[in-house]
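Engineer: This is the structure I have questions about; it appears just below.
The values are calculated or read from the model by the stated rules, or taken from the named source; none is laboratory data. Since we're looking at a predicted model, the values are computed, not measured. Note that we place each Cβ from the backbone using ideal geometry, even for glycine, and neighbour counts take in every protein chain shown. When the accessible area is computed, the model is the full protein with side chains, heavy atoms only, and any ligands, DNA or RNA have been set aside. Shrake-Rupley method; radii C 1.70, N 1.55, O 1.52, S 1.80 Å.
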Number of protein chains: 4
Amino acid sequence: MSSTADQLVISSDPNHPANLIPSLCAKFWTLGWVTGTGGGCSIRDDDLVYLAPSGVQKELMKPEDIYVLSLKAQPPHPSPRTYLRSPPIYKPSQCTPLFLAAFTRRGAGCCIHTHSQWAVLVTLLLEQQGNSSSRVFEINNIEQIKGFGRGMTKRGNLGYHDTLRIPVIENTPHEEDLTEYLEAAMEAYPDTYAVLVRRHGVYVWGDNVHKAKTQCESLDYLFQLAVEMKKLGLPWISEVTQIAPQRT
Amino acid sequence: MSSTADQLVISSDPNHPANLIPSLCAKFWTLGWVTGTGGGCSIRDDDLVYLAPSGVQKELMKPEDIYVLSLKAQPPHPSPRTYLRSPPIYKPSQCTPLFLAAFTRRGAGCCIHTHSQWAVLVTLLLEQQGNSSSRVFEINNIEQIKGFGRGMTKRGNLGYHDTLRIPVIENTPHEEDLTEYLEAAMEAYPDTYAVLVRRHGVYVWGDNVHKAKTQCESLDYLFQLAVEMKKLGLPWISEVTQIAPQRT
Amino acid sequence: MSSTADQLVISSDPNHPANLIPSLCAKFWTLGWVTGTGGGCSIRDDDLVYLAPSGVQKELMKPEDIYVLSLKAQPPHPSPRTYLRSPPIYKPSQCTPLFLAAFTRRGAGCCIHTHSQWAVLVTLLLEQQGNSSSRVFEINNIEQIKGFGRGMTKRGNLGYHDTLRIPVIENTPHEEDLTEYLEAAMEAYPDTYAVLVRRHGVYVWGDNVHKAKTQCESLDYLFQLAVEMKKLGLPWISEVTQIAPQRT
Amino acid sequence: MSSTADQLVISSDPNHPANLIPSLCAKFWTLGWVTGTGGGCSIRDDDLVYLAPSGVQKELMKPEDIYVLSLKAQPPHPSPRTYLRSPPIYKPSQCTPLFLAAFTRRGAGCCIHTHSQWAVLVTLLLEQQGNSSSRVFEINNIEQIKGFGRGMTKRGNLGYHDTLRIPVIENTPHEEDLTEYLEAAMEAYPDTYAVLVRRHGVYVWGDNVHKAKTQCESLDYLFQLAVEMKKLGLPWISEVTQIAPQRT
């Protein structure tokens, strides 16, 4: 690698996006989030967007596999010719327009897409409940909810008694066709940092890599907990039927 | 190791089959696919077939443990004398004729055999349903289905709404006796890249190591998901009772 | 780092608290105990208390991230000004007063706080049973119970037939508000080495790092076992309906 | 370490028992077999027996922590004075007489003791079924059964259709008191390579480290599978209601 374009992905800094995406994806692989080339991760550094290619084994990715494009130069849905750097042997990820939606509409610095089974099972359980309640995942009164920001225009994180709401969109045969529904969900839920995709997985973003990753971890924790709660007959939403704090 | 035969397994290239089989098997061990010497993996490089021996701890395998045989020289069911290289202290794997079936009948470049519990449980659940439906695992409308090729003679991968069908064959007391049933299943399902073996595990192959591994990961994901769906009362096959995409 | 305060966290000894907290937290992350910046760990070395900051990715923590405060100099609930060393970019953990309660009231040398899903599920299952029995987790006749000390003022560990009792306190919107309830539970259960927090997680301590960690592991094992027992219809408390030992 | 006794545990060979026990125990820790200092592993090399001490964190063990004793010099139940080497800061494991039973009565070369939750749950499920059937775990028609030897006096391994039988003994308050029941189970089941201990775990042995470890892995696989089968309403023992092999 020696062209000007290649310089975009060469750095000795482990926190450079071209190094960080492979190390994050390797970690996500061990969590079951990006099995069998599914899922992915994109980082925005000011105007530059770093993206993994389509169809790679996520735990084996290397900096030279990374695509780079300029956010300013993008039409709403980018085509391959607008990439600043394209690895010759790959195709760009079909998730690209979805990652870009998080960057352009929410000012996110990082967006993670997982195929976590817990996310998929939550969307199936909601579907099972019928049409009216199936389009949003809701849970409250769990400490881990505090791992989420209140919203782009609000300060601080959700509280313990707040209800976390994650919208669910229906899956489409072609991943890029999800974009308009993802964008619609972002408008309908202006404070959400995540959108579930039925029978598919979840998109989670944050202001930076730290926030996107920790929000994604907290959400996956809540999805897994919710599935286990369902197996044990425990409801996801509880009244704050406060058991009065005990004194001795 | 210094004989001509040993040269077949000596290479400094991590992607040489004799290096790749041990590193893949170590990874598979952490996934629970090759517990207690069960399961295995074989790679074909043009005419040469690389195989793990029988009865080794899969996470501890070394290049010098690898068998090599020539595909051209093989009768349908190879006997030990046809090996180009045989490690002195081992016996060849009983899976050998099954791996060869994937290479000769499908032109596969890699074949993986796992004892994954999810695969076994799926075959048990199918058996529980009775005779008529028990011989094929079917699932549709799950994004991860896109991780499979449409078939040897077809281009591209399955789509989201396509039904993935994996035939199930009955187990036999001796693993090599599975060969004729595996081959029959290959004929009955000319597009399949995998065959489940009841109460035993699964064989998965692909054009190359990348495709075999990622298809095996995607399939194991779907088997695990299917078992969890069963626990939660969710059907594996769904009508595309399309919940109309929401608009806001 | 070169100030006198920074010397508190610089050591080449892997067992120095400032090195041990990051390595323990990285291990806890792989166990799912400190997902998404939740949970944490504090070590006391005589008068000095070492604490992780708030909101960090626990598997990425470094010695220079560690807070240090003097136990003697502490009012009951410390304020930031009493820290001997404060990393400039962080905030102290909200768990601090809870960790201090274990140090001052129990003479503990280490306290671990996890958000383990097994702990949360156990508190939810107890809540489901209703008010009277929901405030203490009880299990007996499981070998792993021997992993707990009998109590601060008693010698040795619990026996196989002893009932392990872990009190449960209700969660509060602000973590520091848990302190008075944690302290009340410590008074009500003078021999306990752990307190569950409903819908939140667990605090576990011990005389030293070894004891806190191994007690926390044993407890998490019992919580997971208890959840699986519930799924299978197995009661947590059994009469010693001794099946007479078999003779042949 | 420089005494003659210390020479017993100093070796640069990774397969020396004093090196192998720590590396095996670290691996077992990641499998959940030796959580919270529970469980352990012992290796016999001719007349010498290598043992882990009591109460150590199994993933942190070092060669210098290892006890060594001479098998010939042992009375049936060894006392500390008979150790050839005793690390000064530890106590010998309470499992010692049970490991010795496998060495003296079965000629085993390695014995592993796990607290695996799957083993514990299997014993609880058997107990739930009532007295008569609760004293032996039986499973058949699962490929992984082939991972077990037929018995000390027999050649080869179990076949697919054979029923694997693992006796269950009741737990006792003191681990060393299990010895007589373990020995009685060995007599009642002269071909078994493992004994389950109710509400406690399992002892598994083999002619050498390889066989003990792979048999232990295969057994843990079967215990986990059995628990999942129970959740899904699938019986552990099946008639060979052979679904006739399909032809196409």
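Engineer: Scan C:34, C:49, C:56 and give me the residue that is farther than 23 Å from residue C:117 by Cβ, touching a residue at least 24 places away in the same chain (Cβ under 8 Å) and not acidic (Asp, Glu).
Structural biologist: C:49
Engineer: For region A:130-148, how many residues meet the condition of being in a strand (DSSP E or B) and either touching a helix residue (DSSP H, G or I) at 6+ places or on another chain (Cβ under 7 Å) or at pLDDT below 95 (or both)?
Structural biologist: Count: 2.
Engineer: Among the numbered criteria (1) part of a helix (DSSP H, G or I); (2) acidic (Asp, Glu); (3) surrounded by fewer than 17 Cβ atoms within 10 Å (Cβ to Cβ), which one does residue B:127 miss?
Structural biologist: All conditions pass for residue B:127, except number (3).
Engineer: Here's a follow-up. Looking at region C:120-131 only, could you name the residues that are within 18 Å of residue C:232 (Cα to Cα) and of a type outside the set (S, T, N, Q)?
Structural biologist: C:121, C:122, C:124, C:125, C:126 - these are the residues of region C:120-131 that are within 18 Å of residue C:232 (Cα to Cα) and of a type outside the set (S, T, N, Q).
Engineer: For residue A:101, work out the one condition from (1) touching an Asp or Glu at 6+ places or on another chain (Cβ under 6 Å); (2) free of Cβ contacts under 8 Å to residues at least 40 places away in the same chain; (3) among the aliphatic types (A, V, I, L, M) it doesn't fulfil.
Structural biologist: Here residue A:101 clears every test but (2).
Engineer: Go through region C:40-55 and report how many residues are within 14 Å of chain A (Cβ to nearest Cβ) and open to solvent by 10 Å² or more (accessible area, probe 1.4 Å).
Structural biologist: 2
Engineer: Could you tell me whether residue A:60 is at pLDDT 95 or above, open to solvent by 60 Å² or more (accessible area, probe 1.4 Å) and farther than 30 Å from residue C:176 by Cα?
Structural biologist: Yes, satisfied.
Engineer: Is there a residue in region A:193-211 that is polar (S, T, N, Q) and more than 27 Å from residue C:37 (Cα to Cα)? Before the answer, list the steps.
Structural biologist: Taking region A:193-211 first, the residues polar (S, T, N, Q) are A:208.
Remaining after also requiring more than 27 Å from residue C:37 (Cα to Cα): none.
Looking through region A:193-211, none of the residues is polar (S, T, N, Q) and more than 27 Å from residue C:37 (Cα to Cα).
Engineer: State the number of residues belonging to region D:216-238 that are under 22 Å from the mean Cα position of the chain (by Cα) and more than 9 Å from every other protein chain (Cβ to nearest Cβ).
Structural biologist: Count: 4.
Engineer: Run down D:175, D:180 and say which single residue is modelled with pLDDT of 95 or more and either within 14 Å of chain C (Cβ to nearest Cβ) or open to solvent by less than 40 Å² (accessible area, probe 1.4 Å) (or both).
Structural biologist: Result: D:180 is the single residue among D:175, D:180 that is modelled with pLDDT of 95 or more and either within 14 Å of chain C (Cβ to nearest Cβ) or open to solvent by less than 40 Å² (accessible area, probe 1.4 Å) (or both).
Engineer: Which ones in region C:88-110 are of a type in the set (Val, Ile, Thr) and under 16 Å from residue C:72 (Cα atoms)?
Structural biologist: Answer for region C:88-110, where residues must be of a type in the set (Val, Ile, Thr) and under 16 Å from residue C:72 (Cα atoms): C:96, C:104.
Engineer: With the condition kept exactly as written, say whether any residue in region A:133-145 is more than 9 Å from chain B (Cβ to nearest Cβ), over 14 Å from the mean Cα position of the chain (by Cα), open to solvent by less than 50 Å² (accessible area, probe 1.4 Å) and aromatic (Phe, Trp, Tyr).
Structural biologist: Yes: one or more hits.
Engineer: Filter region B:149-161 for residues that are touching a Lys or Arg at 6+ places or on another chain (Cβ under 8 Å) and not in a strand (DSSP E or B); which is nearest to residue B:183 (Cα to Cα)?
Structural biologist: B:152
Engineer: So if I check each of A:236, A:205, which one is assigned to a loop (DSSP other than H, G, I, E, B) and modelled with pLDDT of 95 or more? Break it down stepwise before answering.
Structural biologist: Details: A:205 fails: assigned to a loop (DSSP other than H, G, I, E, B).
Result of the check over A:236, A:205: A:236.
Engineer: Would you check if residue A:187 is touching a Ser or Thr at 6+ places or on another chain (Cβ under 6 Å), in a helix (DSSP H, G or I) and facing chain C (nearest Cβ under 8 Å)?
Structural biologist: So residue A:187 fails the test.
Engineer: Also: Considering only region C:194-215, state which residues are in contact with a helix residue (DSSP H, G or I) (Cβ under 8 Å, 6 or more places away or on another chain), more than 8 Å from chain D (Cβ to nearest Cβ) and open to solvent by less than 10 Å² (accessible area, probe 1.4 Å). Walk me through how you get there before you give the answer.
Structural biologist: Just the residues of region C:194-215 that are in contact with a helix residue (DSSP H, G or I) (Cβ under 8 Å, 6 or more places away or on another chain), to begin with: C:194-206, C:209, C:213-215.
Now drop any that are not more than 8 Å from chain D (Cβ to nearest Cβ), which leaves C:194-206, C:209.
Answer for region C:194-215, where residues must be in contact with a helix residue (DSSP H, G or I) (Cβ under 8 Å, 6 or more places away or on another chain), more than 8 Å from chain D (Cβ to nearest Cβ) and open to solvent by less than 10 Å² (accessible area, probe 1.4 Å): C:194, C:195, C:196, C:197, C:198, C:200, C:201, C:202, C:203, C:204, C:205, C:206.
Engineer: Restricting attention to region C:147-175, report how many residues are over 19 Å from residue A:142 (Cα atoms) and either without any contact (Cβ under 8 Å) to a residue 24 or more places away in the chain or in contact with a Cys (Cβ under 7 Å, 6 or more places away or on another chain) (or both).
Structural biologist: 7
Engineer: Something else about it: Show the residue pairs that are 6+ apart or on different chains and have beta-carbon atoms under 7 Å apart, the first residue being within region B:10-31 and more than 25 Å from residue B:221 (Cα to Cα), the second being acidic (Asp, Glu) and open to solvent by 30 Å² or more (accessible area, probe 1.4 Å).
Structural biologist: Between residues of region B:10-31 that are more than 25 Å from residue B:221 (Cα to Cα) and residues that are acidic (Asp, Glu) and open to solvent by 30 Å² or more (accessible area, probe 1.4 Å), the close pairs are B:17/B:45; B:19/B:13.
Engineer: If you don't mind, another one. Considering D:24, D:69, which residue is crowded, with 21+ Cβ neighbours inside 10 Å and either of a type in the set (Asp, Glu) or modelled with pLDDT of 95 or more (or both)?
Structural biologist: From the options D:24, D:69, the qualifying one is D:24.
Engineer: Something else: Sort out which residues of region C:154-172 are within 9 Å of chain A (Cβ to nearest Cβ) and under 24 Å from residue C:211 (Cβ atoms), and write them in order of number.
Structural biologist: C:167, C:168, C:169
Engineer: Give the residues of region C:183-193 that are in contact (Cβ under 8 Å) with a residue 24 or more places away in the chain and either open to solvent by 50 Å² or more (accessible area, probe 1.4 Å) or more than 17 Å from residue C:140 (Cα to Cα) (or both), sorted by residue number.
Structural biologist: Residues of region C:183-193 that are in contact (Cβ under 8 Å) with a residue 24 or more places away in the chain, as a first pass: C:183, C:186, C:189-193.
Answer for region C:183-193, where residues must be in contact (Cβ under 8 Å) with a residue 24 or more places away in the chain and either open to solvent by 50 Å² or more (accessible area, probe 1.4 Å) or more than 17 Å from residue C:140 (Cα to Cα) (or both): C:183, C:186, C:189, C:190.
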